[in-house]
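Working notes, structure below.
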Amino acid sequence: MKIAIGCDHGGFKLKIAVVKHLQEKNIEVKDFGTYTEESCDYPDFAVKVSEEVVQGNFDFGIVICGTGIGISIAANKVPGARAALCHDTFSAHSTREHNNANILALGERVIGVGLALDIVDIFLSTDFQGGRHERRVSKISEIEKKYFK
Ligand code: RB5
């Protein structure tokens, strides 16, 4: 499994913890920045991770900012990206099962590291259920085709 990860300054510390956690589990992870705690703009890193995932270079993306909100909104502007902001484990497995989310968004200022790592593990180990959910995810793609010209 290959993971693309990115953050802004508000998510920098949590990103370091997530990268370490994945590496300890022998999961390949590529860090698309930011690489310091200097103030920066979350859309710059959201787009890098989303593009890599949508192009099929990585299985999943993880994006982190202070709240997880800005970076998830930006990540979802890339057609084909389905970024889900999850701050609980129920959402983490449900968004994989129902939405086939391909990017996990987290907010460093919202939850602790322990919960964040549990969310990462659950998100990465849960399969899409397909079936009726396939139809609904396809309808999201139809919306993209209508508006992303
Ligand atoms: C940066 O201060 C902060 O606005 C950003 O990390 C994020 O929370 C935005 O949604």
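Every read-out reported here was derived from the displayed coordinates using simple, explicitly stated rules and does not represent laboratory data. Computed from a prediction, not measured in an experiment: that's the story for all the values here. Because the Cβ atoms are built from the backbone with ideal geometry, glycine has one as well, and the counts that use them run over all protein chains shown.
Summary of computed values
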| item | result |
| --- | --- |
| Identity of the residue in region 72-112, of a type in the set (Val, Ile, Thr) and not in a helix (DSSP H, G or I), that ends up surrounded by the most Cβ atoms within 10 Å (Cβ to Cβ) | Ile103 |
| Condition met for Tyr42 (surrounded by fewer than 20 Cβ atoms within 10 Å (Cβ to Cβ) and among the aromatic types (Phe, Trp, Tyr)) | no |
| All positions within region 70-95 that are within 14 Å of the ligand (Cβ to nearest atom) and under 16 Å from Ile119 (Cα atoms) | Ser72, Ala83, Leu85, His87 |
| Answer from Ile3, Ile64, Ile69 - the residue that is touching a residue at least 60 places away in the same chain (Cβ under 8 Å) and either surrounded by fewer than 18 Cβ atoms within 10 Å (Cβ to Cβ) or in contact with a Leu (Cβ under 8 Å, 6 or more places away or on another chain) (or both) | Ile3 |
| Residue list for region 49-69, restricted to those being in contact with a helix residue (DSSP H, G or I) (Cβ under 7 Å, 6 or more places away or on another chain), within 16 Å of the ligand (Cβ to nearest atom) and of a type outside the set (Gly, Ala, Ser) | Val49, Ile62, Val63, Ile64, Cys65 |
